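First comes the structure, then the notes that go with it.
The values are calculated or read from the model by the stated rules, or taken from the named source; none is laboratory data. Remember, predicted model here, so these are calculated numbers, not experimental data. What goes into the accessible areas is simple: the full protein's heavy atoms, side chains included, and nothing from ligands, DNA or RNA. Shrake-Rupley method; radii C 1.70, N 1.55, O 1.52, S 1.80 Å.
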Amino acid sequence: AGAVACVSRIRYPVRAARAVMERSGHVLFVAAGAEAFAEAAGLEMVAPDYFSTEARREQLRCALAANATLLDHDGAAMTARATQTGVRPDAQSGAQTGTTPLDENRKFGTVGAVALDAQGNLAAATSTGGLTNKLAGRVGDTPLIGAGNYADNRTAAVSCTGTGEMFMRTVAAYDVCARMAYGGQSLEAAAHELVMTSLPMIGGSGGLIAVDAKGNICLPFNSEGMYRGFARVGEALQTAIYR
């Protein structure tokens, strides 16, 4: 396992996370130390403003105007509505006008992947920009092994997306594997119980992608939609957004 957090100069943070896993005796590096490690490992570094785009700045302006902290896909949809209507929506009432809940052309946020290779090895990788308008210093579930990301050859590989604080409180990614290892549940049963029961009980919104040691795939979510897809060798790529 390897992870980095609170970084702003590493062009591909997930590569830095892999470098931590493969080239150090540690699991998690943060801030300046993480960036120094990545640079020493020969990874590409950029200026912080490389990650600043007009689309993301507009999301932040919308969130600030609504005095809200938003999941990335909510921020994208809010920006799209404001652009179409000329009026910033009321984040408290959840008003939506003129666009789909998840705007297909303006998706930003967590990117995750899980894989099972020909030798039976399972792996998971997750990268995120975090919440829009989050407080400085906040760390989400993504770099916390077992919360937003986990893999175990005996059970499954899991990558999560959603309200990170709730995924941390439930240790979501590990919980799926624990239900399988200690409770004998199938991947589908374990993932469904977590996403549809455990997370909603504490206000958790989002979902996960997972593959188990037998190649079974599960992509549950309790939100309005979740950008997702899967591929098997020799078969056509499958993608979806809504149910």
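Details
- Percent RCO, i.e. relative contact order, over segment 167-218, from Cα pairs under 8 Å lying at least 6 residues apart: 33
- Carbon and sulfur %, accessible surface of segment 141-243 computed with the full protein complex present, 1.4 Å: 54
- Available extension along the chain between residue 64 and residue 233 is 56.3 nm, counting 0.36 nm per residue and deducting the alpha carbon span.
- 3J(HN,Hα) from dihedral phi, segment 237-243, Karplus parametrisation 6.51/-1.76/1.60, rounded to Hz, x for glycine, proline: 5, 10, 9, 7, 10, 9, 5
- Using all pairs of distinct alpha-carbon atoms, the Kirkwood hydrodynamic radius of segment 108-243 works out to 14.8 angstrom.
- Here the Karplus curve 6.51 cos²θ - 1.76 cosθ + 1.60, taken at θ = phi - 60°, turns the phi angles of segment 188-202 into couplings of 4, 5, 5, 5, 5, 5, 5, 6, 9, 10, 5, 5, x, 4, 10 Hz, with x standing for Gly and Pro.
- Once the mean of 1/r is taken over each pair of separate Cα atoms and inverted, segment 1-65 shows a Kirkwood hydrodynamic radius of 12.6 Å.
- Ligands, DNA and RNA are left out, and with a 1.4 angstrom probe the accessible area of segment 116-161 is 44 Å² per residue.
- Hz values of 3J(HN,Hα) by residue in segment 127-138 - Karplus curve (6.51, -1.76, 1.60), Gly and Pro given as x: 9, 8, x, x, 7, 7, 6, 6, 6, 4, x, 5
- Amide H contacts under 5 Å for residue 228: 240, restricted to partners 5 or more places along the chain or on a different chain, H placed in the peptide plane at 1.01 Å from N.
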